[in-house]
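Participant: What follows is a single structure, and I will ask about it in a moment.
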Amino acid sequence: MTPSYLLLFSGEAKKIGLRSTGHIRFQILTDADRQHLWLRLSGNDSSGCFSTELVDFAAIEAAVQNVQNGQPIVSKALAPCFRGRSSNNGPFAVSALRSLGLLKADEMSTHLSHMAGDWPAWRKAMLAANGSEFTMPVKEKPVAGEAKP
């Protein structure tokens, strides 16, 4: 049986790279019991590969909170949250988090971010939001290193 989820939010975010063009698209999903949140990178209107897997929002939150107080957050901090190994996963996730108001750009460097917003309040609001049923798309081709079905 294919697990189903509730799609709570679909958004678009400007890429963070200085030479990057375009936007990425992302989704926020929850389970039927509304206990967990996931981030899913869902599209890119210019170049750059990325993983479309569901990424546990608790892992993202833990990754950014593990950064020393006052130190900027680099997109590499989010790499362990993804199973896929695309180097764009972290920067694209940072773009999504910035557009949600959970991170803000560093004043000196576009590649660095800082915590922003009220993460617990955001989580509570997301889990209470109206959602529509969502089923993960079937992969058209396997991720590098995975066996074909």
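The values are calculated or read from the model by the stated rules, or taken from the named source; none is laboratory data. Nothing here was measured: the structure is a model prediction, and the numbers come from that model. Backbone-built Cβ (ideal geometry, glycine too); neighbour counts: all protein chains shown. All accessible areas refer to the heavy atoms of the entire protein, side chains included, with ligands and DNA or RNA removed. Shrake-Rupley method; radii C 1.70, N 1.55, O 1.52, S 1.80 Å.
Participant: For region 79-123, report the accessible area per residue in Å² (1.4 Å probe, heavy atoms, rounded to an integer).
Facilitator: Numbers: 2270 Å² over 45 residues.
Each residue of region 79-123 exposes 51 Å² on average to a 1.4 Å probe.
Participant: Next up: Which percent of the accessible heavy-atom area of the chain goes to carbon and sulfur, probe 1.4 angstrom?
Facilitator: The C+S portion of the solvent-accessible surface of the chain is 52 percent.
Participant: Using a Förster radius of 35 Å, what is the FRET efficiency between ASN69 and LYS124 based on their Cβ-Cβ separation? Nearest 0.05, please.
Facilitator: Numbers: r = 24 Å, r/R0 = 0.68.
After rounding, the FRET efficiency stands at 0.90.
Participant: Just to make sure I understand: if all protein chains stay in place, what is the order of PHE9, PHE26 by accessible area at 1.4 Å, largest first?
Facilitator: Reading off the accessible areas and sorting them downward yields PHE9, PHE26.
Participant: Quick one: how many lysine pairs does the chain have with C-alpha atoms less than 19 Å apart and a gap of 8 or more or different chains? Give me the count, please.
Facilitator: 6
Participant: Over the Cα atoms of region 28-141, each weighted equally, I'd like the Debye log10 I(q)/I(0) at q = 0.14, 0.16 Å⁻¹, rounded to two decimals.
Facilitator: Ignoring solvent entirely, the Cα scatterers give -0.60, -0.78.
Participant: Once every DSSP H run of n ≥ 4 in the chain is given -39500 (n - 2.57) and the sum is divided by its residues, what mean residue ellipticity at 222 nm do you get, rounded to the nearest 500 deg cm²/dmol? Display every interim value, and only then the final one.
Facilitator: On the way: 3 runs with 30 residues, N = 149.
Helix contribution divided over all residues of the chain: -6000 deg cm²/dmol.
Participant: Now, a different point. Where the centroid of each part is defined by its Cα atoms, how far is region 89-140 from region 27-84 in Å?
Facilitator: Distance between centres, Cα-based: 7 Å.
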